[in-house]
Every structure is written in structure tokens, then in C-alpha cells.
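Worksheet: the structure to be examined is printed underneath.
The values are calculated or read from the model by the stated rules, or taken from the named source; none is laboratory data. These numbers come from a predicted model, not from an experiment. Positions of Cβ are generated from backbone atoms using ideal geometry, with glycine treated the same way; all protein chains shown enter the neighbour counts.
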Amino acid sequence: MLKTSDFDYILPSTLIATRPLEDRASARMMVLPRRNKEQIHATFADLPRFLRKGDRLVFNDTRVIPGRVFAHRSTGASVEILFTEPCDSHTWKALVRPGRKMRVGDEVLLGNAQITVQEILPDGLRVLRATQPIKELMDVHGEMPIPPYMERHADEKDKQTYQTVYAKNAGAVAAPTAGLHFTTELLQELTDAGVDSTYITLHVGVGTFRPVSEENPLDHPMHSEYFHISPEAVEEIEETRRAGGRIIAVGTTVVRALEAASQGGSLESGERSTNLMIMPGYTYQIVDGLITNFHLPRSTLLMLVSAFYSREALLSAYEEAIRHSYRFYSYGDGMLLI
């Protein structure tokens, strides 16, 4: 029985990327073929030479919302709010810090708007109602919700760099970071090489920031995320499979959506939420290849990638990446498993 501690590793803090590279495609890419497990060091600009004509990349076109705001109480005390999901135009679910001091009925001010706690949910999220439309408040006061491990506030540059170049459908509270390596030029180069593209949507939720604290990963309350796969996307993917092409997921969010939508035995279109947890022992239904970043220790994302490759070989690759000073996490380098 695998334990959460089996997915641990030690990362020097100097290898945590807190800023992106100027050229997205210049990020390093470790290529891990599943058969011989030999590690190849390349860059994302080299991606076309590792793919074949007829392969299909599947992208997550979610768009990150500027959902983090800093409100204040009447006493002047600051309150951090991360809006996560709308209930209606004036009411959203949110992660609030410090949460214990924000009880039902408490109020904070954001600009000229008043925000009131209406409900505390079992998972600790608050239901907040504002006197103005919350989307308008985010547009004026919001900043990009970059991960806490960057240990800085987001700035204007993050509004561009913490967003994929193909982001379309707003709703994520974190970027699908594997996609941050793609430029419009690289996408065109892949198209010219005969590599096809399909877009689906999964709105990355606040659970992506929550580590697995239980020693048995199966005891971890897996977060739920909304996704949508169109009938056209299903047909494109199935056409590629019939023709012998490979389905390559750009990011773990794409993996979750495709695999969740195929639990009935075939890939189904539609929109719904999934709390599917993938860890070693899981049999992949749709995905033949995976482009992904380096993930946090003891995380569900590290478990998901281990299920595609192997835990031992993946952690060995992480050790190799550390020896070669790869940059880790959201703004860092990545890998291609194929």
C-alpha cells in the first residue's frame, strides 16, 4: 500500500521559480520515454522533433481570473480573499485569510463595496455576498492568484505571464501551468509539422493548493473541478485514435478531464465536475503522452504523473532535474512523458 510519504522529495528552495523566463519556449524540457526510461535534456522549443505527424495535443483553454483581493475590516485589519466560484453575480465562494476570524455576518470593505460572510462551508470556504458585482470588484481590485510558494505579491506582469497564450474561458484560480511554455510561434510550428490540436476546459480549483496531509492518499478529500468537453473535441480525439495517432495531454488538468469523461468506457462530451483521483494502479483510458511541470512533494499531481510513468522512475527523474538545476513548479521547467 503506497503512502503519501512515498511521494516525497527534498527540493532546494533556490530551484523554485518565482518569475517566468522571457521566452516561454526556452524553458528546459526533460523527455522521459516510457519504454526505456532514458532521460533526454531538451527545451520546449524542441517539442516538434519529439512528436509525430498525426499526434494530437489536447490543451486546457481555461482563463485565470484575478481572484485575489485584499479587503479590510472597520478596524483597518487586512483580510485576504480568494474568490473561487460564483453562486450569482453578487455572491461567490471564497477562501478567506485569516479564516477563523471571519464568521457568519462579519463584514469587510473593498473599495466602496461591502462584503458580508453569509455561510461557512464544510471545507472551510466562505460564501460571500457583496453590494457590487464581484466580477467588477475583481477587475478593479483583483490580482492574479499566483501560488503561495512564490512568496510575493502578483504584479502587472503576472496578468500576462500567469496565463496561457490560448486562454479563453474564464474561471480558474490557478493556471494550467504546462501550457505556459507554449508560444503562438511554437503552436504554429507544431501545426506545420502535422501535429493536431484540440481544446477543452477545466477550471483549476482552490484544491490545487492543498497538500495531502493524510498518510493514506485514499483518505485525502479530493477537490472537485468543473470541466467541459465539446462533441467536436471528442470526435477529433477519437479520429486521431482511429488513425493511430497519440493523444498527448498538455497538463494534469487535461488528464483529469479526459480520464474522468471516459470512466463509462468511452470518451463522452458534456460538462460536469470531477473529483477523480489518479495514483499508481490506475489504468489510463485516453492519454498516450503527457506534458507537465515539476510538482510539489506529497501532492496529488505527483501521484497522477507517477501513475502514468512509475513512481520510482519519476522520482529518479526529479533527482536528475535537481542535479541539473531545473527550475521547479508553476513558472519552472517541465517534462514530456511519451
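Structural remarks
- Per the conditions (1) exposed (fewer than 13 other Cβ atoms within 10 Å of the Cβ); (2) touching a residue at least 60 places away in the same chain (Cβ under 8 Å); (3) assigned to a helix (DSSP H, G or I); (4) of a type outside the set (A, V, I, L, M, F, W, C), the sole criterion not satisfied by P211 is (3).
- Restricting the range 205-240 to residues that are within 25 Å of E85 (Cβ to Cβ) and of a type in the set (D, E, K, R) leaves a set whose member that is modelled with the lowest pLDDT is R210.
- Taking the listed residues G270, G334, G265, the one that is in contact (Cβ under 8 Å) with a residue 40 or more places away in the chain and farther than 24 Å from Y149 by Cα is G270, with no other qualifying.
- Here G124 clears all of (1) part of a loop (DSSP other than H, G, I, E, B); (2) at pLDDT 95 or above except the condition numbered (2).
- Residue within the range 127-142 that is in a strand (DSSP E or B), at pLDDT 95 or above and touching a Leu at 6+ places or on another chain (Cβ under 9 Å) present: yes
- Qualifying residue in the range 305-315 (condition: in contact (Cβ under 8 Å) with a residue 40 or more places away in the chain, part of a strand (DSSP E or B), of a type in the set (V, I, T) and under 25 Å from F227 (Cα atoms)): no
- Positions within the range 94-112 being farther than 16 Å from E143 by Cβ and surrounded by fewer than 19 Cβ atoms within 10 Å (Cβ to Cβ), in sequence order: P98, G99, R100, K101, R103, V104, G105, D106, E107, L109, N112
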